[in-house]
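A short write-up of the structure that comes next.
The values are calculated or read from the model by the stated rules, or taken from the named source; none is laboratory data. Please read these numbers as outputs of a predicted model, since none were measured by experiment. So basically every Cβ, Gly included, is an ideal-geometry build from the backbone, and we count neighbours across all protein chains shown. To get the accessible areas, we keep the full protein, side chains included, count just its heavy atoms, and leave off ligands, DNA and RNA. Shrake-Rupley method; radii C 1.70, N 1.55, O 1.52, S 1.80 Å.
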Amino acid sequence: MHTNIGWIVLGTLIFYLLSVPASFLLPLPTLFAWMVPILAWRTLAQNARRQALLLVVIGLVALFFSACNGIVLNWKDIFAINLPLLAMFVAVSFLTLTNPATEDPFLPKGKAAVLSTAVGTHLLGAVINLSVLFVFGDRLKRNGALRKEQLVVLGRTFTAAAWWSPFFVATGVALTYAPEMHWKETLVPGAIMSIIGVSYTIVEVCFFRKKTFFGYPLKKESLAVPLFLAAIVILVHYQWHQLSVLLLICILAPLGTFVFMKGRPRGATIRDFVANKISSVSSPFALFLAAGVFSSGIKSITYVYPGLFSFDNMELSPMVFALLAGIMIIVGIIGVHPVVSIAVVSPLLIPLNPDHSQLGFLFLTSWAISTCSSPLSGVGLVLVSRFNAQPKQIIKDNFLYAVVMWAIATQINIIFF
């Protein structure tokens with residue numbers, strides 16, 4: 001079953017890329033995408049099943065109600081709205097094959113170890129995504145668990161990459177739900193936020209937590225892949241800004257994987273990855289597809305009752321930005337996936353004709369802060385299930401960080417937008 005699902009997942013990416021120049025092929029990757037959660041339903045995480053089912057049911061009920069009132073959306077807006085995002089998710093997953101080998105038994109300690117672990121987690125995580133937590137965490141854990149300081153560094157510095165990394169799924173979500181967002185306009189404020197977040201964490205662990213820190217034995221060559229790929233994306237996007245960042249990542253990530261992958265022979269390694277490992281994206285597939293249906297349902301309701309959802313006298317002011325960011329962060333900490341809150345907020349704000357880059361920055365901020373502060377986020381679940389982190393401790397350790405970063409983000413929003 002996993003073997004078949006893996007090839008269907010790969011088919012989603014391949015046929016999506018083919019559908020870009022040949023739009024008549026779009027039904028094919030859409031069908032492939034929906035087959036993934038259907039075939040893998042019994043193996044999905046319980047939380048993912050519950051949220052996905054709830055979102056689909058609410059979305060379909062809303063769509064049916066709207067249809068009865070004369071509002072019928074195009075099938076693409078219902079079932080394929082997040083298809084580019086899923087294609088990006090598949091493409092980026094291949095970058096796990098570039099993970100550096102970690103055979104050095106020595107673990108550095110002290111302040112230098114905090115710095116190298118934080119920077120390494122941030123830069124590697126910006127490209128190879130969630131797999132960096134497994135690579136670093138498995139290397140650092142003792143008796144199956146990580147120390148509190150290690151959990152704080154890994155969780156925060158990884159999620160801070162959501163503010164700027166084009167390889168992060170958060171960027172794909174922002175580009176999807178703020179469709180006129182210009183990534184280069186969020187890059188600088190996002191990079192500033194990530195630098196502040198990583199620096200805040202380093203200072204806290206080095207000077208306010210009085211325990212010896214054992215860090216990851218990072219090597220210079222480990223940073224070559226993320227720095228090179230990030231530089232290529234930034235350069236290409238700067239020269240050809242009309243080229244979709246999502247499409248660029250879908251093409252560049254697999255190519256970068258083939259060049260920098262560690263396993264040999266390359267063909268056999270890739271086939272094994274597709275057959276046995278790539279099916280791990282099944283839960284995100286279920287959630288993002290369901291969120292698309294849910295978002296379409298919300299959008300259709302706004303068309304049925306335009307007056308009720310009219311905010312003609314409202315704008316995305318600094319106060320509204322701060323309020324929405326705070327609410328989305330709190331909802332995310334409670335356990336609602338950021339893509340769900342973004343899917344709710346987007347159709348309500350788009351009619352206001354806001355600056356889509358500012359809207360994208362709002363989405364990235366809610367994602368970066370909530371995912372490191374919630375034990376129910378993807379990051380939190382990894383830390384709890386694999387490294388014995390305590391859910392209450394995750395919230396407690398990151399509460400002040402969340403408040404401070406929220407306050408700073410509201411100021412960055414004023415400065416740049």
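For the range 169-203, which residues satisfy the criterion of being open to solvent by 10 Å² or more (accessible area, probe 1.4 Å), closer than 30 Å to Q393 by Cβ and not aliphatic (A, V, I, L, M)? Those that are open to solvent by 10 Å² or more (accessible area, probe 1.4 Å), closer than 30 Å to Q393 by Cβ and not aliphatic (A, V, I, L, M): S199, Y200. When I81 is tested against (1) among the β-branched types (V, I, T); (2) closer than 19 Å to S341 by Cα; (3) part of a loop (DSSP other than H, G, I, E, B); (4) over 19 Å from the mean Cα position of the chain (by Cα), only condition (4) is not met. The set of residues from the range 233-257 being open to solvent by 50 Å² or more (accessible area, probe 1.4 Å) and either within 21 Å of the chain's Cα centre (by Cα) or of a type outside the set (S, T, Y) (or both) comprises I234, L235, Q239, W240, H241, Q242, L243, S244, I251, L255. Annotation note: of G297, G256, the sole residue that is in contact with a Leu (Cβ under 6 Å, 6 or more places away or on another chain) and more than 30 Å from L107 (Cβ to Cβ) is G297. Of all residues in the range 341-371, those satisfying the criterion of being open to solvent by 10 Å² or more (accessible area, probe 1.4 Å) and within 12 Å of the chain's Cα centre (by Cα) are W367, T371. Just wondering, is there one or more residues in the range 284-300 that are at negative phi and free of Cβ contacts under 8 Å to residues at least 40 places away in the same chain? The answer is no, given that none of the residues of the range 284-300 is at negative phi and free of Cβ contacts under 8 Å to residues at least 40 places away in the same chain. Is one or more of the residues making up the range 121-138 open to solvent by less than 40 Å² (accessible area, probe 1.4 Å) and part of a loop (DSSP other than H, G, I, E, B)? Checking the range 121-138: at least one residue is open to solvent by less than 40 Å² (accessible area, probe 1.4 Å) and part of a loop (DSSP other than H, G, I, E, B).
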